[in-house]
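Asker: One structure, pasted below without further comment.
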Amino acid sequence: MMDTVSDLAGRARQLGVAGDFGAAHALIDQAMRLADNDAAGLARCAIERGRLYNSAGQKDAARPLFEEAWRLAREARAHALAADAAHMIAIAGTLGDAIEWTAIGLAYVDDHPEAEAWRGPLLNNLGWSWFDAGRYEDALPVFEQAAEVRHSRGQARELRIARYAVIRTLRALGRLEDARRLAEDVAGAAAADGEAAPYIHEELAECHAGLGDRQRARIDARHALAVLGNDAVFADREPRRLARLRELAG
């Protein structure tokens, strides 16, 4: 069966996540030839090539591609692609860009229900932009709004991820008891669904440690390590967090 632009772009994204950028760009080249003059296909190619550059730390190369995708997708009335492009511009830029382009993206979603699935990701990424800037008080209501979006749609897995962001921000604000209570709820729901939820247990370990309960911190740290201790990507990207979990686990 012949590959489509969407197939090739999707495979390119997977290769990018794995760090094989050369092979991923080659697939995007192939997809662009297949797209020819189709605006929606070219928008998809621009977004995915931009993601590759962004993942490789080449934000200056990524930004123009996301802007081109924003233009092409709106021209093609490919509303979900346009919202995706807006959300990537927000990610690739400064905090000011994140604020501006999240607002643009949310307004676009309001006007185009076909793009509604991007409301949660737009809010999530804005929350992390505030968080990374140390603006935890600004991050918290955005994360709470993102969690409400997931809750209203009955998206259990996405809701757990959204609530993790709320928990992490509550802990950053020093609201350890609030963070612990929410994390216990989320961990319980995850266990009922057969999910390990290692990042939630990491937060619980930190909350218990901060509240002076080293025994419970040790238990949750060991739950987290049962998964994260065997995760090569986590070990490579988060060596300090891994060392901290091992310290808490005793």
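Asker: Condition check: within 21 Å of ALA78 (Cβ to Cβ), of a type outside the set (Ser, Thr, Tyr) and touching a Leu at 6+ places or on another chain (Cβ under 8 Å). Does ALA40 satisfy that?
Answerer: It is true that ALA40 is within 21 Å of ALA78 (Cβ to Cβ), of a type outside the set (Ser, Thr, Tyr) and touching a Leu at 6+ places or on another chain (Cβ under 8 Å).
Asker: With the structure loaded, tell me whether ALA165 is part of a helix (DSSP H, G or I) and not basic (Lys, Arg) or whether it fails that test.
Answerer: yes
Asker: Still on this structure: Could you figure out which of (1) farther than 30 Å from ASP213 by Cβ; (2) surrounded by 15 or more Cβ atoms within 10 Å (Cβ to Cβ) isn't true of GLY154?
Answerer: Of everything listed in (1) farther than 30 Å from ASP213 by Cβ; (2) surrounded by 15 or more Cβ atoms within 10 Å (Cβ to Cβ), GLY154 misses just condition (2).
Asker: Now, a different point. Let me spell it out: the conditions are (1) surrounded by 17 or more Cβ atoms within 10 Å (Cβ to Cβ); (2) under 28 Å from GLN58 (Cα atoms), and LEU140 meets all of them except one. Which number is the exception?
Answerer: (2)
Asker: Which of the following residues is free of Cβ contacts under 8 Å to residues at least 12 places away in the same chain, hydrophobic (A, V, I, L, M, F, W, C) and out of contact with any Ser or Thr (no Cβ under 6 Å at 6 or more places or on another chain): ALA103, ALA43, ALA62?
Answerer: Every option except ALA103 fails the conditions.
Asker: Give ALA61, ALA24 a once-over and let me know the one that is over 26 Å from GLU116 (Cβ atoms), of a type in the set (Gly, Ala, Ser), over 20 Å from the mean Cα position of the chain (by Cα) and surrounded by 23 or more Cβ atoms within 10 Å (Cβ to Cβ).
Answerer: ALA24
Asker: Now, a different point. List every residue pair whose Cβ atoms sit under 8 Å apart, with the two residues 6 or more apart in sequence or on different chains, where the first one lies in region 83-96 and is under 14 Å from ALA43 (Cα atoms) and the second, anywhere, is basic (Lys, Arg).
Answerer: Going by the 8 Å Cβ cut-off, the qualifying pairs are MET88/ARG51; ILE89/ARG63.
Asker: State whether one or more residues within region 173-188 are surrounded by fewer than 16 Cβ atoms within 10 Å (Cβ to Cβ), at pLDDT below 95 and touching a helix residue (DSSP H, G or I) at 6+ places or on another chain (Cβ under 8 Å).
Answerer: No, because not a single residue in region 173-188 is surrounded by fewer than 16 Cβ atoms within 10 Å (Cβ to Cβ), at pLDDT below 95 and touching a helix residue (DSSP H, G or I) at 6+ places or on another chain (Cβ under 8 Å).
Asker: Looking only at residues that are in contact (Cβ under 8 Å) with a residue 40 or more places away in the chain and under 21 Å from the mean Cα position of the chain (by Cα) in region 183-206, which one is farthest from ARG150 (Cα to Cα)?
Answerer: GLU202
Asker: Same structure again: Are any residues in region 1-51 in contact with a helix residue (DSSP H, G or I) (Cβ under 7 Å, 6 or more places away or on another chain) and hydroxyl-bearing (Ser, Thr, Tyr), and if so, which ones?
Answerer: The one that is in contact with a helix residue (DSSP H, G or I) (Cβ under 7 Å, 6 or more places away or on another chain) and hydroxyl-bearing (Ser, Thr, Tyr): SER6.
The values are calculated or read from the model by the stated rules, or taken from the named source; none is laboratory data. Here the structure is a predicted model, which means the values were calculated and not measured. Neighbour counts are summed over all protein chains in view; Cβ atoms, including those assigned to glycine, are modelled from backbone coordinates with ideal geometry.
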